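Novice: Here you go, one structure.
Values in this text are rule-based calculations from the coordinates and carry no lab data. Please read these numbers as outputs of a predicted model, since none were measured by experiment. Glycine gets a Cβ as well: all are built from the backbone with ideal geometry, and neighbour counts include every protein chain shown.
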Amino acid sequence: MTHSGRPTPLEARKCQSLTGRVRVPGDKSISHRSLILGALAVGETRISGLLEGEDVLNTAKAMRALGARVERMDDKGGAVWSVRGAGTGGLAAPTVPLDFGNSGTGCRLVMGAVAGCPITATFDGDSSLRSRPMRRILDPLELMGARVVSQSDGGRLPLSLQGARDPLPIVYRTPVASAQIKSAVLLAGLSAPGVTTVIEQEASRDHTELMLAHFGATIVSVPDGAHGRKISLTGQPELHGAEVTVPADPSSAAFPIVAALITPGSDVILTDVMTNPLRTGLFATLREMGASIEESETRSDAGEPMAQLRVRASKLRGVEVPAARAPSMIDEYLVLAVAAAFAEGATVMRGLQELRVKESDRLEATAAMLRVNGVAVEIDGDDLIVEGRGHVPGGGLVATHMDHRIAMSALAMGCASDLPVKVDDTAFIATSFPDFVPMMRRLGADFA
Ligand code: S3P
């Protein structure tokens, strides 16, 4: 899906306080995975709480094009999605190119699934996705026997991938901490005889591993080195359809959380927020900064922990965020930088090289977002240093660069900055959090 229409700018003005109780939409990572595993399983998978954002809807469309029956049904408690798959290795050759829009996750995980099937598929996306590196995924998939039939410069989209007739199980050390690389290898490994192993130096989010086990695969994950994991999947399992309840996305919760922390008098409750420790680096960091975030009603479903969070406006102080924490909060640095701007003292965020290859160059974009709103910020190699002065002047126009998280971070900042913050285009918010603007307004945000 591409946004060819006119941009939709929006301005966030200082508001009184943010109060109320909300459930942010379903987790994006888990939503993609539930559709993909449902398509690789035999029988019916029923998904409740699926994120109905553009990124995930594109994955649903792709799984349909690959032969799965994917239906949305209305239920008393909200929509339920039903997926009927063809079994491991059973995806059908699509007759149309698969368009993943803005979504690196959908695209890269489906590449892994296709690599394990004897079919050829063409992958494409919008101009942001076309600029992002795919070699990191294609390299291991080629080792497993898949072939890149055609590709754009440097292995970029659009490209055509021919899956392996007889995929090989491999032992693969990921060159960067990336759940997308790990997941692509594991999904291809489903069709390989024997054990496929992925070794990562820094543990990345483990939703694929947890969900594969939930669908009946044999998968073992053990610590490897100081922060790493070694994950071994036994190939050619009989995956069976399963019930999946998608918890609320902590990466989406991050925006109302930071907005509430920086807006005096705020008191917000967020329900069912997934608290998988490989995703909650932001919460740990905000607490170190002095944030009041209380957890209650903790429980877990299919191995994924979740909790209710109560967030109250807090006086924040600058901290140093170690590079080793990056994988557990990789999508949250933009909004952390907003919190850091409202803190007293410097916040130093180390080891952010991966931010350069996200939906935009988020390292440059974060610095630009703050600078144009009067915040002192510096990029030093792969580190970002924000000089917090307890308040943000605001008054700037933020360029979103087709990146949903820049738009939402800037609007969160405008809830408490001295002058309004304007964003040039909010259209891409629909990729991950379609209800963001009305939900924030319900909490008291002044967006116009
Ligand atoms: C994701 C992994 C992360 C993250 C992305 C979602 C996933 O990317 O940035 O938003 O669902 O696997 P990398 O694997 O490139 O770190």
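Novice: Using per-residue counts of other Cβ atoms within 10 Å, averaged over each peptide, order 371-378, 413-420, 178-185 from highest down. Walk me through the intermediate numbers first.
Specialist: On the way: 371-378: 17.9, 413-420: 23.4, 178-185: 26.1.
Result, highest mean first: 178-185, 413-420, 371-378.
Novice: If I stretch the segment between residue 150 and residue 323 completely, what's the gain in nm (0.36 nm per residue apart, minus their alpha carbon distance), one decimal?
Specialist: 58.7 nm
Novice: Right, next: Take the cross-link list 28/358; 315/422; 28/422; 28/182 and give me the ones stretching past 23 Å between alpha-carbons.
Specialist: 315/422; 28/422
Novice: With labels modelled as points extended 7 Å from the Cα through the Cβ direction, what inter-label distance (nm, one decimal) is found for residue 93 paired with residue 220?
Specialist: 3.9
Novice: By what distance, in whole Å, do the Cα atoms of segment 28-245 stretch along each of the three principal axes, largest value first?
Specialist: Here the Cα extents, ordered largest to smallest, are 47, 37, 30 Å.
Novice: For the ranges 204-210, 193-199, what's the packing order if you count other beta-carbon atoms within 10 Å of each residue, average per peptide, and put the highest first?
Specialist: Values: 204-210: 23.7, 193-199: 18.4.
Ranking, from highest mean packing down: 204-210, 193-199.
Novice: What number, rounded to the nearest 500 deg cm²/dmol, is the helix-based mean residue ellipticity at 222 nm of the chain, given -39500 (n - 2.57) per DSSP H run of at least four residues and division by all its residues?
Specialist: -8500 deg cm²/dmol
Novice: Hey, another quick one. Just grab the label-to-label distance for residue 287 and residue 448, each label 7 Å out from Cα along the Cβ direction, in nm (one decimal).
Specialist: My value for the distance between the label points is 4.0 nm.
Novice: Along the Cα→Cβ direction, 7 angstrom out, place labels at residue 173 and residue 371. What is the inter-label distance in nm?
Specialist: Roughly 3.7 nm, to one decimal.
Novice: I want to verify the translational diffusion coefficient of the chain in µm²/s; compute it with Stokes-Einstein, Rh as the Kirkwood radius over Cα pairs, at 20 °C and 1.002 mPa s.
Specialist: 98
Novice: Can you order the peptides 380-393, 161-174 by their average number of other Cβ atoms within 10 Å per residue, highest first?
Specialist: On the way: 380-393: 17.2, 161-174: 18.8.
Top to bottom by mean Cβ count within 10 Å: 161-174, 380-393.
Novice: Turning to a different aspect of this structure: Is any residue of segment 1-40 close enough, with backbone N under 18 Å, to a label point placed 7 angstrom from the Cα of residue 312 along the Cα-Cβ axis, and if so, which?
Specialist: The answer is 17-22.
Novice: Can I ask one more? State the extension gain, in nm to one decimal, for the chain segment bounded by residue 213 and residue 419, taking 0.36 nm per residue of separation less the distance between their alpha-carbons.
Specialist: Numbers: separation 206, 0.36 × 206 = 74.16 nm, distance 4.99 nm.
Full extension of this stretch gives 69.2 nm more.
Novice: To check you understand DSSP bridge types, tell me what percent of the beta bridges within the chain (both residues inside) are antiparallel, rounded to 5.
Specialist: Within the chain, antiparallel bridges account for around 75 percent of the total.
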